[in-house]
Amino acid sequence: MPAVSTGVKELYLSTSLGDLNKKAEIKPDKISTRHYVQSACKIFKAAEECRLDRDEEKAYVLYMKYLTVYDLIKKRPDFKQQQEFFLSMLGPTSFKKAIEEAEKLSESLKLRLHTHTHTHTHTHTHTALERARLCRNRVWLLKKKRV
């Protein structure tokens with residue numbers, strides 16, 4: 001198991017929680033329920049690794065994918081027939097942990113994405129303001145040279 005990273009990774013996947021949720025979408029496929037369960041287990045493990053690595057965006061997307069796959073599994077007819085078997089494969093606490101972690105990450109990402117967007121907007125505004133000042137100074141210098 002990887003060691004816990006010290007700092008949260010920089011934002012790199014998206015600029016909004018809505019975009020991250022789109023990355024978590026999964027189209028239903030005609031694969032077996034067992035295959036869905038195996039995929040869900042791999043997704044959950046990857047989400048845990050990303051969380052420990054302090055990659056909040058990727059961990060959030062993976063937890064949300066896990067929850068989406070879990071929902072697909074529960075809707076399958078053979079799940080209803082062998083519910084205990086499939087739930088034992090998924091693990092007794094994975095679903096609850098995925099929800100809890102996704103909620104924590106959602107709150108953290110909302111704050112970080114808002115701050116990140118605000119900072120970048122402010123930076124672009126500041127840069128535009130500086131360009132306007134430089135332009136004004138050039139115009140002033142050109143007028144001064146003509147006189």
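The values are calculated or read from the model by the stated rules, or taken from the named source; none is laboratory data. Every value quoted in this text rests on a predicted model; they were computed, and no experiment measured them. Backbone-built Cβ (ideal geometry, glycine too); neighbour counts: all protein chains shown. Surface areas here come from the heavy atoms of the whole protein model, side chains and all, with no ligands, DNA or RNA. Shrake-Rupley method; radii C 1.70, N 1.55, O 1.52, S 1.80 Å.
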Practice prompt. Report the extension gain between GLU103 and GLN38 in nm, rounded to one decimal, defined as 0.36 nm multiplied by the number of residues separating them, less their alpha carbon distance.
Written response: 21.0 nm
Worksheet item: Accessible surface of PHE95 in the full protein assembly, 1.4 angstrom probe, to the nearest 10 Å²?
Response: 80 Å²
Worksheet item: Listed highest first by mean packing, meaning other Cβ atoms within 10 Å per residue, what order do 20-30, 81-91 come in?
Response: 81-91, 20-30
